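Colleague: Before I ask anything, let me first share the structure, which is written out below as structure tokens.
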Amino acid sequence: MTQRPSQGEAPLAIELRGISKAFGPVQANKDISIQVKRGTIHGIIGENGAGKSTLMSILYGFYKADAGEIYIGGRPTPIPDSQAAIDAGIGMVFQHFKLVQPFTVLENVILGAEDGKLLKPSLAKARKLLTDLAREYELDVDPDAVVEDLNVGLQQRVEILKALYREADILILDEPTGVLTPAEADHLFRILKGLRDQGKTIILITHKLREIMEITDTVSVMRRGEMTATVKTAETSPEQLAELMVGRKVLLRVDKTPAQPKETVLEVRGLRVIDDQGVERLRGIDLDIRAGEVLGIAGVSGNGQSELLEVLGGYRKAEGTIRMNGQEIALTGSASDARMRRMQGIAHVPEDRQREGLIMEFRAWENVGFGYHREERFGSGLFMDNTALRTDCEGKMARFDVRPPDPNLAAKSFSGGNQQKIVLAREIERDPDLLLIGQPTRGVDIGAIEFIHKQVVALRDKGKAILLVSVELDEIMALSDRIAVMFDGRIMGERLPSETDANELGLLMAGMTGKPVAAE
Amino acid sequence: QDANPGLIIDLGGKFDKSFNESAFNGAQRWAEENGADYAETELANEAQREQTMRRMAERGANPVVVLGFANASTLDVVAPDYPDTTFAIIDMVVDQPNVKSIVFSEHEGSYLVGMMAAMASETGTVSFVGGMDVPLISKFACGYAQGAKAVNPDINVIVNMTGTTPSAWNDPVKGAELTRSQISQGSDVVFAAAGGTGIGVLQAAADEDILSIGVDSNQNYLHPGEVLTSMVKRVDNAVYDTFTQAMNGELETGISVMSLANDGVGFALDENNADLVSAEMQAAVEEAKAKIIAGEIQVHDYLSDNSCPAF
Amino acid sequence: MTDALPKWADILLIPLINLILALVVSGLVVALIGKDPFEALSILVTGAVGSAYGWGYTLFYATNFIFTGLGVAVAFHARLFNIGGEGQAALGGLGCALVLLYLPLPHWSLAIIAASLGAALFGAAWAAIPAYLQAKRGSHIVITTIMFNFIASALMVYLLSRVLIVPGAGGSPETARFVESVHLPNAYDVLPWMGFSRSTPLNVSFLLAIAACVFVWVLIWRTRLGYEIRAFGQSEPAALYGGISSVRIIMIAMLISGALIGLMAINSVMGEAERLVIDPVQGAGFVGIAVALMGRSHPVGVFLAALLFGALYQGGGELTFEMNGMTREIILVIQALVILFTGALDNMVRAPVERAFLSARKRPRAPLPTNPVEPGGHSDEKKVEP
Amino acid sequence: MDYAGLIQILDSALRLSTPLLFACLAGLFSERAGVFDIGLEGKILASAFLSAAMAAYTGNVWLGMFAGILASLMLATIHGMASITFRGNQLISGVAINFLASGLTVVIGEAWFGLGGRTPQLEGAARFGELTLPFADAIRGIPFIGPIYADLLSGHSILVYVALLCVPLTWWILSRTRFGLRLRAVGENPAAVDTAGVSVVGLRFAAVMICGLLCGLAGAYLATALSAGFVKEMSAGRGFIALAALIFAKWRPWHALGATFLFGLLEALGNRFQSLELLGITIPTQFMQALPYILTVVILAGFVGRAIPPRAGGEPYVKER
Ligand SMILES: Nc1ncnc2c1ncn2[C@@H]1O[C@H](COP(=O)(O)OP(=O)(O)OP(=O)(O)O)[C@@H](O)[C@H]1O
Ligand SMILES: Nc1ncnc2c1ncn2[C@@H]1O[C@H](COP(=O)(O)OP(=O)(O)OP(=O)(O)O)[C@@H](O)[C@H]1O
Ligand SMILES: [Mg+2]
Ligand SMILES: [Mg+2]
């Protein structure tokens, strides 16, 4: 690995001149120019679909630009494919990781960068190098672990290791913290700072202004395929950036009155889940949620939150008892359970909108009935009433400001934020007694986050019960009326937002108990 | 002299080295000898049977010869619509005034080659490979077994069928494997009645140095000195005769049986198998042939009751 | 990419170019074996669609392919690859024949209803076991349906040579002819003035096939069940979340698929052969796969693709009949090339055509709409909603 | 059944499973790289034809074999063009290739030989002979081991041994070489391979070509070793059975050996025990002939769990739409 100490007046690591890119009729990048100095961290922000990922993918040779030039270290460097980018010292961690799931960490790291035709020597060499890198940058991962068994945080480390293994001088990270816990994000930032101090150049795409302010040296703002501004981070503020991004003033805090909880809506006792591999995922959960309050579940992902949501949503088998409005509900996890839940007044915004919440190939109007498609309002007898669905969809799109408000577009054609609004509209407008909502703003830009948070608070104020699961501590702190922390399938403790802070919650999330409340 | 005969080759194809090929050869012989022409086409699928029969008739072909049992019920419907056309069907009886039905006594021919197999066998086990387990093929197998048992009542006759899909008639690989399996069970003479699959049977027999018996056409030449004989079924003669009779205006409808008596079936003897067929064997078979013709030996026809006394 | 191509180009121009390419290559093959490709083409086309006679056969074959194509398509919507059409159609034939042989049915109108039930029931039953094994045991449906094709053929040979065979009728492995009263009216009976001959195999089951197209369209795009089938096919995790039972959808989709394929027997067994023979399917089960794939699993697409294949079958038959020395397998070659060019090499033509259209329209185009939501790649859907 | 009978059945199973094994490994390469191939059948058929035709023409079986491989490679190229270059539907392309092979073999065969698509019968050097392993005759006498070596292992065409060698070779390539690692990766996540700087198109084409090569060997074995010439449609569904075996084997080389041998064994058993009498009832031949297929279903349902194909299988790699 080459290590160049940063010099006084840093030369340019990257310069893009006049990059344009169209996907068919969509102009994703329009005449974009940008300069990034060596040894700095450069942030890029912008709304969903602004063209950030596209621009970086062009720099990495994943897409080919229609026009424009790329200069690396001052020299014009055509990058027709990723190999050229790697040769130019560029590494990229994509928003959706490019890992081979059933491979080990080691295999993923050497893929494409093997020495020689046989694997054995490559693997041996990589193993050694990996240990060195891990030590140097605090990037520990078991080289023999299979990637699909790793949580996202560790998978991201593998991606970073891949880049470092290829001796990248320039590291691009596309929304790296979207899936990380605060602790993991902090860790990542420490690593990034360490890399910068070694003279590496880092480009960071994120939707989180806090991160921009915390770590970047300069920041560029993109809007609708164009680069609208590049400023020094020290000379700007989150409010200014938000306005540059969205084109209007954005409220960065959640405004809400104190909760007025009423009767208990959901009562969970001794909930246990054992998955197909025989692993106990939930080890006896007790919870109460009352009407008119938001119960936030904090925790590092993979500690049972997903399973909890799935059980409550009716599509995972469990033991224990759950009462909804005083009535016990079935826990067999069969399809009829999931249907019954909806009738019993439980709505569910799932964590993964693209995998579960939406049928990506269906049009928007088909998606607004999903899960409720057997209800009278969407048809009679055997038939579906497509007109009713379309009308319903138009209303929802208007009320939830889905853009573009075209019911005939396929779900996959909407940006993430707008996809989330469609799901939200579907579930909230069902007028449920209890809303389960998982990772409501993952990967969503700040304009949409503001909107989604408002909706959640409004529903609470209507006297509904809300169970919020999120890995974003900020979000949990801002929205919850009570916070429960999950670790390893147990509730480690419950806190009031006013009486706790990120530090204490962070400790609980790491399994270090303050005072145990729910778990046995 | 205004005969313009037509021949419809059946699904197996013109060059199946067997049934269809034999018919084609008969037609060719007629054409060459008479310097005349005839219409000919090949069926591509089941649904074309009726279509093609009608096309032939409407084109003015007369007589129209169709091959194989599968045409019977179609012809039964088509024939009345073309009273001026004479049809001939081979291997099946269709009871219509303008249809000549030509059936073969395959069981008799098979009986004779069964006798030869039993006499040539040193192991006391002979075998049979059929295409598909359908009655017509069982007719071959049954005659063969009867002949073998007539020579040696204790003889073991192994009967195998290739498969149940259309590829059963085109699978020489499987035919060869069946033959090898039979050899391992002691068989040293194998009789194949399985279309293209039979090629594999004869090949495997030659490879493993046992004797084989061909079918329909004379297949002795395929492996000279290793094919004991062939149970010939003179489809070529049937077609040739039909064409000739029509040309001479003496074509008669009704049932015509091609048997040992009129050399409609028989066994092939030529230079390729001269060394394999001993004088003694030949004499015995000729004697049996005479007796069958005279009615002294009754060879059971499997089709008469769908069962066989010999297995 | 929705905007790249106008609709007419997408559904007419591109398939047409593909078809022409397929015919050009077929022509080369014909020329290569020393025959005149132009003569062949003209025989092919006039043979298929140049006369009432040709239409009678073209539509007859198309009817078979519509049924099998629809069946495969319904399964495709649930992301199930049903290769078992051969077996299911054969069993459909059995069901149809049993009804017609053993029930006293005075009139064809009654008979077609009873026989349809029998055919659909048997076809569905033959699909049910692979479906059950897939749903409950995860046994790969591609293997099980292939195996069931072989098992079906064995069953058919057994039944027809041992059980249903008419004793003393010469040993042909087929059932007796159905009685005259269940004879389906064919095109000649119904439309004699259009020049159909008495023997035309085209019969009223063509109407049944069209009805089946409508049925499938309604089922898939208008019913709750169809909605669930499509949802399940698009995303299993989402179906789980949405309370859609995978076992139920797999079973129902395969049962419907098998039933539709079984119905082919109404055309081939009841309408044409009027008896059951050993292999009443003749590869239509496999052609159904090609038809469903080319028709993009949409009933209209299936109908058109079936028509094309019907025309190729009939035109190809004429070709071997009319052109001396033309082997009948030439039809297979032409079919293969049509499948290849229209089905698999589609993008070879599409990409340049799209580029041409895009650059032609680029100049007058307005800038992007305000919110950067992109009407990205839903070219498949446009066939979904007629 | 006696020991010799058992050896014979295993011997037969070995022969019958060889084409399946070639084809199964062929499919394995292609599908592990993410390209589904239901056109195995067509490639086998094309190779069987051209190998027999060339062997008949030149009298040299090796030339025949290379011609067969060439034919199969040509179809593989079409499949590659359709499913990789032009990102078409892999199933459609496979179906088309099967039809194409069925048609062309007969059309061309008829034009060349005029034997209805059949090739002339192959003799002598135009056919693969049987290879006798060293000391086979000496060892035959030893009880138990002798027959296994001399009758079961010895006395096959060289291609049988090649097929058997292909199993460890495939395993070694996939698990021990750079190429294998990349090939497996491209079947699981082509984007990972692409962003790692390796050509997805190149890898997939390589895999499809290896598939063509192996199918070519399967076809040559059918026509020039097991039989002595080409008969139309002589592949007789073996490509589909190989596909079933591939799924059965969960896309793994050693499992492929097991699965194809099982299929071969079931067929050999079906050949051997066609007329079985149980408790005085004669089981119909047709039942015995269907038995291998019934058993496959039973085994699949009873003992083999869900088979998870390579994740990117069947989908063309599309970056931009
Ligand atoms: N592979 C693709 N094919 C077609 N269009 C694409 C593709 N990738 C992106 N686009 C389009 O390009 C535009 C820019 O997308 P891009 O992914 O660069 O946005 P982004 O700024 O990264 O958004 P996000 O914040 O959601 O990650 C989008 O409107 C999208 O429609
Ligand atoms: N191949 C494609 N065709 C069309 N649109 C695409 C394609 N790939 C991505 N897009 C669109 O580009 C936008 C951004 O793409 P990206 O891959 O960054 O999505 P995402 O990050 O998963 O979603 P988001 O960040 O908006 O939540 C999305 O709106 C997506 O729908
Ligand atoms: Mg992005
Ligand atoms: Mg994003």
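The values are calculated or read from the model by the stated rules, or taken from the named source; none is laboratory data. All values derive from a computational prediction rather than experimental measurement. Counting neighbours? That spans all protein chains shown, and the Cβs are built from the backbone with ideal geometry, glycine included. For the accessible areas, the whole protein counts, side chains as well, though only heavy atoms, and no ligand, DNA or RNA atoms are used. Shrake-Rupley method; radii C 1.70, N 1.55, O 1.52, S 1.80 Å.
Colleague: Restricted to the range A:200-218, and to residues that are open to solvent by less than 30 Å² (accessible area, probe 1.4 Å) and of a type in the set (Val, Ile, Thr), which residue is farthest from ligand 1 (Cβ to nearest atom)?
Modeller: A:Thr201
Colleague: So, one more: Evaluate the range D:188-197: report whether one residue or more is under 22 Å from the mean Cα position of the chain (by Cα) and of a type outside the set (D, E, K, R).
Modeller: So far as the range D:188-197 goes, no, none of its residues is under 22 Å from the mean Cα position of the chain (by Cα) and of a type outside the set (D, E, K, R).
Colleague: Kindly indicate the residue of the range B:46-104 that is within 12 Å of another protein chain (Cβ to nearest Cβ), out of contact with any helix residue (DSSP H, G or I) (no Cβ under 7 Å at 6 or more places or on another chain) and of a type in the set (Asp, Glu) and also surrounded by the fewest Cβ atoms within 10 Å (Cβ to Cβ) among those meeting that condition.
Modeller: Here the answer is B:Asp95.
Colleague: Turning to a different aspect of this structure: Surrounded by 17 or more Cβ atoms within 10 Å (Cβ to Cβ), of a type outside the set (S, T, N, Q) and in contact with a strand residue (DSSP E or B) (Cβ under 7 Å, 6 or more places away or on another chain): is that true of A:Arg283 in this structure?
Modeller: Taking the combined requirement at face value, the residue satisfies it.
Colleague: Something else now. For the subset of the range A:415-449 comprising residues that are more than 14 Å from chain C (Cβ to nearest Cβ), in contact with a Gly (Cβ under 7 Å, 6 or more places away or on another chain) and more than 16 Å from ligand 3 (Cβ to nearest atom), which member is most open to solvent (accessible area, probe 1.4 Å)?
Modeller: Ranking the qualifying residues of the range A:415-449, first place goes to A:Asp433.
Colleague: Right, C:Ala52: crowded, with 24+ Cβ neighbours inside 10 Å and either under 25 Å from C:Val182 (Cβ atoms) or aliphatic (A, V, I, L, M) (or both) or not?
Modeller: Spelling it out, it is not the case that C:Ala52 is crowded, with 24+ Cβ neighbours inside 10 Å and either under 25 Å from C:Val182 (Cβ atoms) or aliphatic (A, V, I, L, M) (or both).
Colleague: Return the total of residues in the range B:107-140 being closer than 18 Å to B:Asp263 by Cα and of a type in the set (Ser, Thr, Tyr).
Modeller: Of the residues in the range B:107-140, 2 are closer than 18 Å to B:Asp263 by Cα and of a type in the set (Ser, Thr, Tyr).
Colleague: Next up: Just checking, how many residues over the range D:135-181 are in a helix (DSSP H, G or I) and of a type in the set (Ser, Thr, Tyr)?
Modeller: 4
Colleague: Answer with yes or no whether C:Ile151 is more than 25 Å from B:Tyr82 (Cβ to Cβ), away from every other protein chain (no Cβ under 11 Å) and of a type in the set (Val, Ile, Thr).
Modeller: In short, no.
Colleague: Restricting the search to the range A:170-193, which residues are more than 16 Å from ligand 4 (Cβ to nearest atom) and either closer than 19 Å to A:His96 by Cβ or open to solvent by less than 30 Å² (accessible area, probe 1.4 Å) (or both)?
Modeller: Within the range A:170-193, A:Ile170, A:Leu171, A:Thr181, A:Glu184, A:Ala185, A:Leu188, A:Phe189, A:Ile191, A:Leu192 meet the criteria.
Colleague: Among the residues of the range A:381-411, write down those that are within 10 Å of another protein chain (Cβ to nearest Cβ), open to solvent by 10 Å² or more (accessible area, probe 1.4 Å) and outside any loop (DSSP other than H, G, I, E, B).
Modeller: Those that are within 10 Å of another protein chain (Cβ to nearest Cβ), open to solvent by 10 Å² or more (accessible area, probe 1.4 Å) and outside any loop (DSSP other than H, G, I, E, B): A:Phe383, A:Met384, A:Asn386.
Colleague: When B:Tyr111 is evaluated against the numbered criteria (1) away from every other protein chain (no Cβ under 14 Å); (2) open to solvent by less than 10 Å² (accessible area, probe 1.4 Å), which criterion, by number, is the only one it fails?
Modeller: All conditions pass for B:Tyr111, except number (2).
Colleague: Here's a follow-up. Just for helices (runs of 4 or more DSSP H) wholly inside the range A:140-254: which have at least 3 residues that are among the basic types (Lys, Arg) and more than 16 Å from ligand 2 (Cβ to nearest atom)?
Modeller: In the range A:140-254, the matching helices (runs of 4 or more DSSP H) lie at A:182-197.
Colleague: To continue, here is another question. So, C:Gly95, is that one at pLDDT 95 or above, more than 11 Å from chain D (Cβ to nearest Cβ), buried (at least 23 other Cβ atoms within 10 Å of the Cβ) and within 27 Å of D:Ile283 (Cα to Cα) or not?
Modeller: Considered against the rule, which asks whether it is at pLDDT 95 or above, more than 11 Å from chain D (Cβ to nearest Cβ), buried (at least 23 other Cβ atoms within 10 Å of the Cβ) and within 27 Å of D:Ile283 (Cα to Cα), C:Gly95 comes out as yes.
Colleague: Specify which of the listed residues (A:Gln101, A:Gln95) is within 16 Å of ligand 4 (Cβ to nearest atom) and either within 22 Å of the chain's Cα centre (by Cα) or of a type in the set (Val, Ile, Thr) (or both).
Modeller: That would be A:Gln95, the only listed residue that is within 16 Å of ligand 4 (Cβ to nearest atom) and either within 22 Å of the chain's Cα centre (by Cα) or of a type in the set (Val, Ile, Thr) (or both).
Colleague: Tell me, which residue of the range D:121-149 that is within 11 Å of chain B (Cβ to nearest Cβ) and under 19 Å from D:Gly68 (Cβ atoms) is least open to solvent (accessible area, probe 1.4 Å)?
Modeller: D:Leu122
Colleague: Within the range A:433-479, work out how many residues are closer than 21 Å to A:Arg399 by Cα, more than 16 Å from ligand 1 (Cβ to nearest atom) and among the β-branched types (Val, Ile, Thr).
Modeller: 4
Colleague: So the check is Cβ under 6 Å with 6+ separation or different chains; which pairs have a first residue in the range A:42-53 that's over 11 Å from A:Ile205 (Cα atoms) and open to solvent by less than 10 Å² (accessible area, probe 1.4 Å) and a second one that's modelled with pLDDT under 90 and within 10 Å of ligand 4 (Cβ to nearest atom)?
Modeller: Nothing qualifies.
Colleague: Please enumerate the residues belonging to the range B:249-294 that are in a loop (DSSP other than H, G, I, E, B), more than 27 Å from B:Val103 (Cα to Cα) and either in contact with a Lys or Arg (Cβ under 6 Å, 6 or more places away or on another chain) or open to solvent by less than 30 Å² (accessible area, probe 1.4 Å) (or both).
Modeller: Within the range B:249-294, B:Asn273, B:Val277 meet the criteria.
Colleague: Among the residues of the range D:293-311, write down those that are among the β-branched types (Val, Ile, Thr), at the interface with chain C (Cβ under 7 Å from one of its Cβ atoms) and open to solvent by less than 40 Å² (accessible area, probe 1.4 Å).
Modeller: Result: D:Thr296, D:Val297.
Colleague: Right, here's the next one. Hey, among A:Leu59, A:Leu118, which residue is at the interface with chain D (Cβ under 10 Å from one of its Cβ atoms), under 30 Å from A:Pro143 (Cβ atoms) and among the aliphatic types (A, V, I, L, M)?
Modeller: Of the residues listed, the single one that is at the interface with chain D (Cβ under 10 Å from one of its Cβ atoms), under 30 Å from A:Pro143 (Cβ atoms) and among the aliphatic types (A, V, I, L, M) is A:Leu118.
Colleague: Restricting to the range C:196-233, give me the number of residues that are touching a residue at least 60 places away in the same chain (Cβ under 8 Å), open to solvent by 50 Å² or more (accessible area, probe 1.4 Å) and touching a Phe, Trp or Tyr at 6+ places or on another chain (Cβ under 8 Å).
Modeller: 1
Colleague: Under 7 Å by Cβ, and 6 or more places apart or on different chains, what pairs join a residue from the range C:169-182 that is among the hydrophobic types (A, V, I, L, M, F, W, C) with one that is surrounded by fewer than 19 Cβ atoms within 10 Å (Cβ to Cβ) and outside any helix (DSSP H, G or I)?
Modeller: C:Ala176/C:Val166
Colleague: Does the range C:279-296 hold any residues that are within 11 Å of chain D (Cβ to nearest Cβ) and open to solvent by 10 Å² or more (accessible area, probe 1.4 Å), and which are they?
Modeller: C:Gly283, C:Phe286, C:Leu293, C:Met294, C:Arg296
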